Amino acid sequence: MRKYEVHVVNNLPERSPSLFVHCASKDQELINSTLSVHADYNWHFTMKFGATTIFFCRFWWGSKDKSFEVFNSKISYLCDWDGEIKDGICAWSVQEDGFYFANQIQPRGLRKMYGWT
């Protein structure tokens, strides 16, 4: 079994429209509310080897709307840190121009994964 933690952080500018977030899996509703600027919504779970676990999120910011899987089997490999055997971290940063990913809570080397369109 492998443990993971997923973080969704609102890194949008101060005084910008509210960010509304809905995240869930097929079995579990996680969040369905506004995420304030600099807030970090996160959750932990354990995945059995060979299992298929998917979490998706949908984001609304002003007139923008985007949804995608924040965790799946492909992303799980990106969550590993330097190939070490320890908990996987999947950190998503929501920014003005899109969605960035890192495998650290204090992200360095953020990688843009999606735009808003």
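Numbers at a glance
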| read-out | value |
| --- | --- |
| Cut-off under 5 Å, modelled amide H: who pairs with ILE54 long-range | LYS26 |
| Separation of the SER76 and ALA24 label points, Cα + 7 Å toward Cβ, nm | 2.2 nm |
| Amide H within-cut-off set for SER67, under 5 Å, with H built and near neighbours excluded | PHE59 |
| At R0 = 35 Å, FRET efficiency that the Cβ-Cβ distance of GLU14 and THR52 yields, to 0.05 | 0.35 |
| Label selected from [x] 22, 14, 13; [y] 20, 16, 15; [z] 24, 16, 12, the criterion being semi-axes √(5λ) of the Cα gyration tensor in Å as computed here | [z] |
| Listed residue pairs exceeding 23 Å between alpha carbons, taken from LYS26/LYS74; LYS74/LYS112; LYS66/LYS86; LYS26/LYS86; LYS3/LYS66 | LYS66/LYS86; LYS26/LYS86; LYS3/LYS66 |
| Dipole magnitude (debye, nearest 20) for region 2-114, charges at Cβ of Lys, Arg, Asp, Glu | 200 debye |
| Label-point gap, in nm, between HIS38 and LYS86 - each point 7 angstrom along Cα→Cβ | 2.6 nm |
| Antiparallel %, DSSP beta bridges [both residues in the chain], to 5 | 85 percent |
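Read-outs: derived from the displayed coordinates by stated rules, not from any lab. Since the model is a prediction, treat every value here as computed from it, not as a measurement. Glycine gets a Cβ as well: all are built from the backbone with ideal geometry, and neighbour counts include every protein chain shown.
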